[in-house]
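Here's the structure, in structure tokens; my notes come after.
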Amino acid sequence: MASSTVLNYIRPLRDLMEYHHAEADAITADEILDFLAEREKAIGKSTLNTLCCALKYFYGKVLGDPGRIVDIPTPRKPKQLGELLTSSELRQLFAATKSTKHRLVLSLIFGLGLRAGEVSRIRLHDFDAKHRTLIIRKAKGGKQRTLIYDDAIRRDLIAHFRDAKPTDYLFTSTTRKSETGGISVRGVQYIVRCTRARAQLTKKVCPHTLRHCFAVQYLNNGGNLIRLKQLLGHSHVSTTLRYLSYASPELKDIPSPLSFLFDA
């Protein structure tokens, strides 16, 4: 698993032990539910879901005591994507970038639908300039995928290379670096957040907002749902299906299948 996932599974167990001042194997089922009820007051459904999954994994898989977690509910994650940016707002956001580096970060997320962590780990040998492809390695779930980039991203890449002259990682940071040596995920998030502030957009914008915008715009312009699943690196098409309710592709009528059957 990703280091962030490991932390997200360890922290709930730590918080549970601190809450009851006891070792994990000594905490009862009722005490676990008391802890969850208290945490529910301060966190969102998605965070609560991660917390429940972490405790279920520990008690069910690690301690082998599923009876202690049988009554722990699994909160439903919110299915809403949040506010998406319109085409004019996206242009406003790109116009507010202050450097070729920041421009390229936005271009890769919105242009290819990348996650913040995937952007932070890109290295120069991941590119194939001849075929204009980018390999995303060690993505979520340990998967790898190859993406084709277009002229717009190529122009931003060339501009960034001229300014930053990277030698290993595509993006580096002079302050806080990631475990691998490139820019950190927080660095990518900071770039998007600061650009959104300069653009004076009222909507909340984070890297995943741009990833969502990529998916919806892809479908609106005639993209295929199965291909979108591959581009985003989803394990299940059900995850990709949620974008359909936000997309409004141009509908084109075709002759009835009956016509194809007999007119041929």
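The simple spin-label model puts a point 7 Å past each Cα toward its Cβ; for Ser256 and Arg11 those points are separated by 5.9 nm.
The C-alpha atoms of the chain define a longest principal axis, and helix 45-57 lies at about 60 degrees to it.
Spin-label model, Lys165/Val70: points 7 Å from Cα along the beta carbon direction are separated by 6.8 nm. Before rounding to the nearest 500, sum -39500 (n - 2.57) across all DSSP H runs of length at least 4 in the chain and divide by the residue total; then give [θ] at 222 nm in deg cm²/dmol. It lands at -15500 deg cm²/dmol.
Compute the signed sum of charges (Lys and Arg +1, Asp and Glu -1) over the other residues within less than 14 Å, Cβ to Cβ, of Asp34. Once all neighbours under 14 Å are counted, the net charge is -4. In this structure, the pairs whose alpha-carbon distance is over 30 Å, taken from Lys41/Lys138; Lys61/Lys140; Lys165/Lys204; Lys204/Lys229; Lys101/Lys204; Lys130/Lys229, are Lys41/Lys138; Lys165/Lys204.
Every number here is computed from the coordinates shown, using simple stated rules; none is lab data. Bear in mind the structure is a predicted one, so any value in this text is a computation, not a measurement. Backbone-built Cβ (ideal geometry, glycine too); neighbour counts: all protein chains shown.
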